[in-house]
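The values are calculated or read from the model by the stated rules, or taken from the named source; none is laboratory data. These numbers come from a predicted model, not from an experiment. Please note: Cβ atoms are built from the backbone with ideal geometry, for glycine as well, and neighbour counts cover all protein chains shown. Areas reflect the complete protein model, heavy atoms only, side chains present, ligands, DNA and RNA absent. Shrake-Rupley method; radii C 1.70, N 1.55, O 1.52, S 1.80 Å.
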Amino acid sequence: MAQRPVSLSYPTERLGAWLYEPVGSWMRVLRFAAITLVMALSPATYDRTMRRVAARQIYLSAWQALPGFALACAVVGFVLMRIVIGTAHEYGFSQYAVELTVRWLVLELFPLLAALFVALRSGAAICARVALMHTHGELDGVGRPGSDALRHYLVPRAIGSAVAVAALTAFGCALALGLAYEATYGLSPWGVAQFLRISGQVLGPVMVLGLALKTLLFGLAVAAIPITTALAIPREPGFVPLALRRAMMRLALALVTLEIAFLGVMYA
């Protein structure tokens with residue numbers, strides 16, 4: 001029996017396909033994030049349907065999540081501040097306790113926690129819903145920038161998720177400042193001037209700009225990755241759980257990568 005010839009290009013083709021799939025998926029994420037940002041900045045985008053869908057998404061992702069997020073921030077912030085302040089006093093660095101707590105809670109921990117809250121609360125649900133609609137053919141023509149599905153279903157939910165990340169981040173940062181003051185000075189009003197001076201030194205213009213940029217990128221990641229992952233699966237209902245797993249893994253990878261990148265840039 002004649003043996004089937006082995007193609008020398010087969011390993012190369014497999015390697016190319018293995019490399020193209022991740023690159024293509026991240027390019028789709030960047031493209032959808034860019035479309036979302038452009039449409040969010042265009043006043044003509046906001047007709048009645050889009051405003052209603054975006055407002056509902058903000059309500060579900062931010063307002064309903066606020067009690068749980070506030071409780072998580074309060075518990076995590078209180079425990080970490082007690083550890084930092086106690087350790088600083090023990091080693092004679094009490095003058096740096098406020099700076100350390102403000103820097104790590106406001107600039108690093110709570111923005112990441114806000115993005116994770118929105119991702120777990122709304123990102124997974126949006127991914128599952130979009131994947132089901134995609135398998136049923138309800139999102140045909142979504143690749144066209146002016147399509148109704150893009151404007152009235154996908155983009156407003158992406159905008160709502162991004163706004164929810166920004167809103168929870170702002171709330172978490174304000175809560176962190178309040179907890180840091182209470183842990184350091186108690187309820188006494190005499191430490192306000194010193195606390196504002198130290199906080200102002202930590203939250204300088206560069207740091208605030210970096211925090212705003214990181215929050216924007218976190219929001220775009222939470223908004224774009226679940227939707228683009230759901231739209232990339234074959235049109236079979238059995239692939240919906242796979243889309244959900246892929247979306248959460250890619251989202252976790254993106255958030256951790258962004259956080260590490262900002263740590264390297266801000267503290268290099």
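Under 6 Å between Cβ atoms, at least 6 apart or on separate chains: pull out the pairs that start in region 205-218 with a residue that is closer than 13 Å to ALA115 by Cα and end on any residue that is of a type in the set (Ser, Thr, Tyr).
Final answer for the pair search is THR215/THR169.
Conditions: (1) under 17 Å from the mean Cα position of the chain (by Cα); (2) acidic (Asp, Glu); (3) farther than 22 Å from LYS214 by Cβ. ASP47 meets all but one. Number of the miss?
Here ASP47 meets the rest and fails (1).
From the list LEU213, LEU175, LEU263, LEU187, exactly one residue is open to solvent by 40 Å² or more (accessible area, probe 1.4 Å), under 27 Å from ARG82 (Cα atoms) and at pLDDT 90 or above. Which is it?
Values: LEU213 fails: under 27 Å from ARG82 (Cα atoms); LEU263 fails: at pLDDT 90 or above; LEU187 fails: at pLDDT 90 or above.
Checking each option against the conditions leaves just LEU175.
Of the residues ALA223, ALA180, which is modelled with pLDDT under 90 and surrounded by 17 or more Cβ atoms within 10 Å (Cβ to Cβ)?
ALA180
Does ALA221 satisfy the criteria of being touching a His at 6+ places or on another chain (Cβ under 7 Å) and either under 20 Å from GLU108 (Cα atoms) or not hydroxyl-bearing (Ser, Thr, Tyr) (or both)?
For ALA221, the condition - touching a His at 6+ places or on another chain (Cβ under 7 Å) and either under 20 Å from GLU108 (Cα atoms) or not hydroxyl-bearing (Ser, Thr, Tyr) (or both) - is not met.
For region 170-205, which positions are in a helix (DSSP H, G or I) and among the hydroxyl-bearing types (Ser, Thr, Tyr)?
Residues satisfying the conditions are TYR181, THR184, TYR185, SER199.
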